[in-house]
Amino acid sequence: MADYVETIIVGAGVVGLAIARSLAASGRDVLVIEKEDRIGSETSSRNSEVIHAGIYYPPQSMKAALCVEGKSMLYRYCADRGIPHRRCGKLIVAASVEEVQDLRRIQANGAASGVTDLELLDGDAARALEPNLRCVAALLSPSTGIVDSHQFMLALEGDITATGGTIALKSRFRTATPTKHGFRTQVDTPEVGGFELDCGVLINAGGLHAQSVAGSILGMPKDMIPNQFLAKGSYFVLGGRPPFERLIYPLPTAASLGLHYSVDLGGQTRFGPDVEWVDEIDYGVSADGAVAFETSIRRYYPALPQGTLSPGYAGVRPKIVGPGAPAGDFVIQGPQAHGVRSLFNLFGIESPGLTSSMAIGRHIAALIAET
């Protein structure tokens, strides 16, 4: 007989941790297995650490609903736990008169999703807030903020273990086979090698590896596993005093929210991410990209000094649509979608995954309770 745990979650990124926290708090026995030697070492730690307001996503989409709900949950959790964060606000800028209508559409879209605090500013009003900014208009989002994502994930980890859950690092999911009472999984660790573990519920929160995990589950219909496209985003950092108090965003593109300005809670300023479609995970940042970054940034920050950007870091986003296609929604599949009892898959959990994480955790807990 293999050992048994009520719930196994594959992946200890911020979403997997938030799901585990929600389930453990409800009294479920939870084990999170993570192939890396630390939590949140991939997508969850290679982003802008922005608390998004929920502005851009189509109304009624999962991204819109979970982002708006998750934003409130995240701010409240950070305040209660003393997790470093700041509601700094952001400006989405129109660099030309023609782009002002795009701002109006974004404002209307946000309002339809429940983001009612957006304010359209003319150029003078925007520059009164940010003197270094160049624009003809800007959309102010006061509820956008930043968070120390590492401290947030550590707090989630603490909640999981405090309520009896377990996080097993350096544990690689291999396969799962349906059984009468759930699944028999095979897991590899460097210390003890491979072993079998039974569970009642299996949750695939594998992030960049979610498609591979799903493909290793016996009985999972292959046509229900969406294609994956890897979008690499590089960041460049700027030394010296931050030029803006708020986050500064250009208009979004189909693949990203644009090459924007952000600052972390330590005062480190950065620009990015750009979008580079890649075939494999690669976190290298070439200094050659600085010239293209400077050209894009000077549309809204013309005073950017020449040659002051240096390579920072990169992340890879697990997209389910490729180049030129409209941005995809989160895909959260339960048994009603794919027909495999007690299996829940999460695909395409990119931005705003960090903001949405606690709402996703609550959503998964509700789905399990209904089955």
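The values are calculated or read from the model by the stated rules, or taken from the named source; none is laboratory data. Note that the coordinates shown come from a computational prediction; the quantities given were computed from them, not determined experimentally. Neighbour counts run over all protein chains shown; Cβ positions are idealised from the backbone, glycine included.
Among the residues of region 338-365, the one identified as within 18 Å of the chain's Cα centre (by Cα), part of a loop (DSSP other than H, G, I, E, B) and polar (S, T, N, Q) is S351. If you go through region 1-35 and keep only what is out of contact with any Asp or Glu (no Cβ under 7 Å at 6 or more places or on another chain) and either free of Cβ contacts under 8 Å to residues at least 60 places away in the same chain or in a loop (DSSP other than H, G, I, E, B) (or both), you end up with M1, S26, G27, E34, K35. Right, V115: under 15 Å from G54 (Cβ atoms), in contact with a Ser or Thr (Cβ under 9 Å, 6 or more places away or on another chain) and touching a residue at least 12 places away in the same chain (Cβ under 8 Å) or not? So V115 passes the test. Do you know which of the residues in region 178-196 that are within 24 Å of M224 (Cβ to Cβ) and surrounded by fewer than 20 Cβ atoms within 10 Å (Cβ to Cβ) is farthest from the chain's Cα centre (by Cα)? Within region 178-196, the match that is farthest from the chain's Cα centre (by Cα) is K180.
Residue by residue through region 239-262, note down the ones that are within 22 Å of R87 (Cβ to Cβ) and within 17 Å of the chain's Cα centre (by Cα). Result: P252, L257, G258, H260, S262. When residues in region 174-191 are screened for being acidic (D, E) and not in a loop (DSSP other than H, G, I, E, B), 1 of them pass.
Here is a yes/no grid of residues against (1) on the phi > 0 side of the Ramachandran plot; (2) not in a helix (DSSP H, G or I):
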residue	(1), (2)
Y301	no, yes
L304	no, yes
G324	yes, yes
A327	no, yes
I332	no, yes
Q336	no, no
L367	no, no
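Taking residues in region 354-371 that are assigned by TED's automatic domain parsing to the domain that holds S41, and partners anywhere that are of a type in the set (F, W, Y) and in a helix (DSSP H, G or I), the pairs with Cβ atoms closer than 7 Å and at least 6 places apart or on different chains are M358/Y77. Every test in (1) among the small types (G, A, S); (2) at positive phi; (3) at pLDDT 95 or above is passed by G240 save one, and that test is (3). Pairs are defined by a Cβ separation below 7 Å, a sequence spacing of at least 6 or placement on different chains, a first member in region 299-316 that is within 21 Å of E130 (Cα to Cα) and outside the structural domain of A95 (by TED's automatic domain parsing), and a second member that is polar (S, T, N, Q) and part of a loop (DSSP other than H, G, I, E, B); the pairs so defined are Y301/N132; A303/N132.
Counting only strands (runs of 3 or more DSSP E) that sit wholly inside region 67-168, those with at least 3 residues that are crowded, with 20+ Cβ neighbours inside 10 Å and modelled with pLDDT of 95 or more are 90-94, 137-141, 145-147. Within the option set V136, V187, being in contact with a Lys or Arg (Cβ under 8 Å, 6 or more places away or on another chain) and either closer than 26 Å to F330 by Cα or among the β-branched types (V, I, T) (or both) holds for one residue only, V187.
Sort out which residues of region 36-47 are crowded, with 24+ Cβ neighbours inside 10 Å and in a loop (DSSP other than H, G, I, E, B), and write them in order of number. Passing the criteria: only G40.
Would you pick out the residues in region 255-297 that are in a strand (DSSP E or B), surrounded by 14 or more Cβ atoms within 10 Å (Cβ to Cβ) and without any contact (Cβ under 8 Å) to a residue 60 or more places away in the chain? Scanning region 255-297 gives Y261, T269, F271, E276. Looking at R105, R28, just one residue is more than 19 Å from I203 (Cα to Cα) and either out of contact with any Gly (no Cβ under 6 Å at 6 or more places or on another chain) or outside the structural domain of R172 (by TED's automatic domain parsing) (or both), and that residue is R105. Of everything in region 192-221 that is free of Cβ contacts under 8 Å to residues at least 12 places away in the same chain and part of a helix (DSSP H, G or I), the residue that is farthest from G315 (Cα to Cα) is G215.
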